[in-house]
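Encoded as structure tokens, the structure appears first; notes follow it.
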Amino acid sequence: DAMVIQNPRYQVTQFGKPVTLSCSQTLNHNVMYWYQQKSSQAPKLLFHYYDKDFNNEADTPDNFQSRRPNTSFCFLDIRSPGLGDAAMYLCATSRDADTQYFGPGTRLTVL
Amino acid sequence: GNSVTQMEGPVTLSEEAFLTINCTYTATGYPSLFWYVQYPGEGLQLLLKATKADDKGSNKGFEATYRKETTSFHLEKGSVQVSDSAVYFCALSDWGSNYKLTFGKGTLLTVNP
């Protein structure tokens, strides 16, 4: 089945230690999104790639970066994780402005 | 700007009860409307969608009708099961938000046997 895959499902890092989360998709969608979701809240969009074009949300901290080396893969880099960055990170994809499909998420714990 | 207001939970029902979760929206243009479901520890799954007025989205016994006159997209199910326990998010996208999703705050549903 075509799908959105996120690895790892659970990630533990130390305060200030860089961490990378990965997302891959077999849907051949041209748009990929990264969301942050904290407990009991709706997902918050961090940024998205429309094809190769990177689009950052105005309130996304500089600590968060992203890379998209090809159509299928997208990475979220957190340069210096703080305790406030502990959250579920969700990747989603879409074909242009059509419906977004989400992956299972990566739960990040910062010690 | 766009906004989505949905019924705040938590909602607790007994198995086989009728479910309604209210959702109303404000949008610049003519949005597409979605219901996503999130099971504990999981990502969001698309439950159903509607792209124009009077469309009815349906899936797994859940239904929602796009009502332009009342700017609503209420989620209903005739007989809930314990396995329906999850958080439900109403969302919209349209050109006014550059097709980004605007979410409601989510409604936690617990179904007891």
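Points to keep in mind about this one:
- Taken residue by residue and averaged, Cβ atoms of other chains lying within 10 Å of the Cβ of A:101-110 number 3.
- In plain terms, the chain from A:ILE5 to A:PHE73 could stretch by 23.5 nm, reckoned as 0.36 nm per residue minus the Cα-Cα distance.
- Excluding same-chain neighbours fewer than eight residues apart, the lysines reachable from B:LYS60 by a Cα-Cα span under 22 Å are B:LYS49, B:LYS52, B:LYS77.
- Taking every residue in A:38-50 and counting other chain Cβ atoms within 10 Å of its Cβ, the average works out to 3.
- Taking a sphere under 13 Å around the Cβ of B:PHE89 and counting the other residues whose Cβ falls inside, with K and R at +1 and D and E at -1, yields a net charge of +1.
- Calculated from backbone phi, Karplus (6.51, -1.76, 1.60) coupling profile of segment A:22-33 in Hz, x at Gly/Pro: 10, 9, 9, 9, 10, 8, 6, 7, 8, 10, 10, 10
- Shape parameters for segment A:45-111, alpha-carbon atoms, Rg then Dmax in Å: 12.5, 38
- Considering segment B:33-93 at the alpha-carbon level, its Rg and Dmax are found to be 11.7, 36 Å.
- For the peptide A:19-26, the mean number of other protein chain Cβ atoms found within 10 angstrom of a residue's Cβ is 0.
- Cα convex hull of chain B - mean projected area over all directions, nm²: 6.5 nm²
- Zone of B:THR28's modelled label, taken as backbone nitrogen in segment B:78-113 under 11 Å from a point 7 Å along Cα→Cβ: B:94-100
- The GNM of chain A, with springs linking C-alpha atoms under 10 angstrom apart, assigns the highest mean-square fluctuation among A:SER39, A:SER24, A:SER80 to A:SER39.
- Label zone at A:VAL12, where the point sits 7 Å out along the Cα-to-Cβ direction: segment A:74-111 residues whose backbone N lies under 19 Å: A:81-89, A:106-111
- Average 1/r across all pairs of distinct alpha carbons in segment A:1-79, invert it, and you get the Kirkwood radius: 13.5 Å.
- Relative contact order of segment A:19-79, pairs being alpha-carbon contacts under 8 Å that are 6 or more residues apart, as %: 39 percent
- Relative to the compact-globule estimate of 2.2 N^0.38 Å, the Cα radius of gyration of the protein assembly as shown comes out at 1.02.
- The phi-based Karplus calculation (6.51 cos²θ - 1.76 cosθ + 1.60; θ = phi - 60°) puts the 3J(HN,Hα) values of segment A:34-46 at 10, 10, 10, 10, 9, 3, 6, 10, 6, x, 10, 5, 8 Hz, whole numbers, x for Gly and Pro.
Since every read-out is calculated from the coordinates, none of them should be taken as a lab result. Note that the structure is a prediction, hence the values are computed from the model and not measured. Methodologically, a virtual Cβ is constructed for each residue, glycine included, from the backbone with ideal geometry; neighbour enumeration extends over all protein chains shown.
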